[in-house]
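Peer 1: First, the structure itself, so that you have it in front of you.
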Amino acid sequence: MSPVRRCSRTACGRPAVATLTYVYADSTAVLGPLATYAEPHCYDLCAEHSERLTAPRGWEVVRLADGSAPSRPSGDDLEALANAVREAARPQERAAQAGGGNARAADPMEVARRGHLRVLRSPDS
């Protein structure tokens with residue numbers, strides 16, 4: 001018997017990375033991290049088959065995140081970071097806009113602002 005569990009799909013010999021179980025009462029398929037040991041009513045799936053998993057019409061697929069896997073930033077996170085960097089690259093424009101008709105006193109250490117994010121001048125300069 002091989003120590004590596006294989007994908008349950010027919011003719012697929014890739015190593016399993018996720019376990020699929022069904023909750024028939026709720027019409028739900030639950031796909032989570034690979035179970036500690038093989039259960040008779042669970043299906044082990046490889047990475048490709050777990051990503052392509054679909055459920056019958058009227059059923060819901062619940063994908064449980066693997067806590068040990070590093071989370072990847074979403075597209076919105078990356079876009080927000082890129083926008084903040086662009087704003088920080090234009091400190092003169094932001095300072096001119098902030099000074100024109102703004103009744104609020106500006107922080108002398110603040111170089112730029114985007115929503116709740118602030119870019120501060122280094123205390124050494």
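The values are calculated or read from the model by the stated rules, or taken from the named source; none is laboratory data. The structure presented is a predicted model; accordingly, all values stated were derived computationally and were not measured. Cβ coordinates were reconstructed from backbone atoms using ideal geometry, including for glycine residues, and neighbour counts include every protein chain displayed.
Peer 1: Only one of these conditions is not met by SER74: (1) more than 30 Å from TYR22 (Cβ to Cβ); (2) of a type in the set (Ser, Thr, Tyr); (3) modelled with pLDDT of 70 or more. Which number is it?
Peer 2: The one condition SER74 does not meet is (1).
Peer 1: Do the conditions hold for GLU39, that is, is it assigned by TED's automatic domain parsing to the domain that holds CYS7, closer than 20 Å to ARG6 by Cα and either surrounded by 12 or more Cβ atoms within 10 Å (Cβ to Cβ) or at pLDDT below 80 (or both)?
Peer 2: Judged against the criteria, GLU39 is not a match.
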